[in-house]
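What follows is a single structure, written as structure tokens, with notes after it.
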Amino acid sequence: MSEPLPSAHEPPDIMRIFSLDGVPAEVQSSYWISVVGGFIGVIIGIVTGITSFAFLHLLGPMWLIRMVLDVVAVAFASAQILLGVAAKQRKEWARLQLTALAAIEVALVVGIVLGGVPAGYWYGFGLTVVAAALLWLPSSNRWFGGRSAEAEAALLTDPAREIGWDQRIGDAEALPTGPPSTIGPS
């Protein structure tokens, strides 16, 4: 059987990766930072890995450390791309993992610098931290929680809506009246 054709307003599957309809600006920025920064990180990691391998006779024992750092950088940049795409699709786990990735990168970069190894990975560290931070701004939190700005404003004016009460406590109709013996099941 043949699959039905997508409707005119629905993009093909691969194009959904780039669709930003209904996504807040902060999450859009985080998405583009993650994807573009991740691709740049992968390319730079591969190029520096190849050049490290080509000049291994000049680097000596530092070559192995440099190669491990290049592999880790490519892996982290790849994860940044995948997590950025998943976060744009409103996946809470991706937002949490991108934040954890940023924390790990902070620890690694600080450890590398304190260890005396030259670090050329500052750009990736900075981009991941910015992308993760954008996902925790108030409008991003509303979006990940499934609320629009209008729904959030309605909750501020009527907090009972979130709980689902028909009437707020304190309204005269919501409070039972009469003697205690007539209130409740008999």
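Descending by average beta-carbon neighbour count within 10 Å, the peptides 76-85, 130-139, 62-71 line up as 76-85, 130-139, 62-71, the highest first. The gain in end-to-end length when the His57 to Trp32 segment is fully stretched comes to 5.1 nm, 0.36 nm per residue minus the alpha carbon separation. Extending 7 Å from the Cα toward the beta-carbon at both Leu96 and Leu114 defines two label points whose distance is 2.8 nm.
Scattering from region 30-76 was approximated by placing one identical point on each alpha carbon and applying the Debye formula without solvent; log10 I(q)/I(0) at 0.17, 0.20, 0.28, 0.33 1/Å stands at -0.49, -0.61, -0.92, -1.10.
Read-outs: derived from the displayed coordinates by stated rules, not from any lab. Fair warning: this is a prediction, and the values are worked out from it, not measured in the lab. Note that we place each Cβ from the backbone using ideal geometry, even for glycine, and neighbour counts take in every protein chain shown.
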